[in-house]
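Step one of this worksheet: look at the structure below.
The values are calculated or read from the model by the stated rules, or taken from the named source; none is laboratory data. Keep in mind that this is a model prediction, so the values were computed, not measured. Cβ placement follows ideal geometry from the backbone for every residue including glycine, while neighbour counts extend to all protein chains displayed.
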């Protein structure tokens, strides 16, 4: 093993980090705005969101605000709201357990799913990669270590629901069947 190479790699990484931080400091605030993400359609996502909420959105799993893949929903984490959201009228606020998942929460769930690996998701959406390369698909299939264990066996109803959305045509029957499963 080449000792010089081992030392050069961390030094190069630190140098690259210093360069990136220095460059970031030179950019104007408007140049650091949001980046567009290629994401499957929002049109049929609500039923997919329901499946993700049910299977992944508990408070001890992805219904945790600290997770990079975060799932909001009726029985778990609720989307943080401010007085501006309701123009000071919190009577419209959605509480956990009784109020359905809001459209804003479903939109956040979609962006969260797409934001785990945005470049790879874009490649899958564009047809250059298969859905099975995504962490969003590998982990619930237990192809990759997943603290939550097996969530969806490959070709199960839940798997078909998620993968069909990623591929651009939601299999609503598979999603409905998954939602009926205990």
Is it fair to say residue 151 is assigned to a loop (DSSP other than H, G, I, E, B), under 22 Å from residue 42 (Cα atoms) and at pLDDT 95 or above?
no
Please work out if residue 74 is surrounded by 15 or more Cβ atoms within 10 Å (Cβ to Cβ), modelled with pLDDT of 95 or more, touching a helix residue (DSSP H, G or I) at 6+ places or on another chain (Cβ under 8 Å) and over 15 Å from residue 39 (Cβ atoms).
no
Flag if residue 130 is out of contact with any helix residue (DSSP H, G or I) (no Cβ under 6 Å at 6 or more places or on another chain), within 28 Å of residue 36 (Cα to Cα) and surrounded by 12 or more Cβ atoms within 10 Å (Cβ to Cβ)
yes
Looking at the stretch 88-103, is at least one residue in a helix (DSSP H, G or I) and modelled with pLDDT of 70 or more?
yes
So, first residue under 13 Å from residue 167 (Cβ atoms) in the stretch 105-132, second residue in a loop (DSSP other than H, G, I, E, B) and modelled with pLDDT under 95, Cβ within less than 6 Å, six or more apart or across chains; the pairs are 125/38
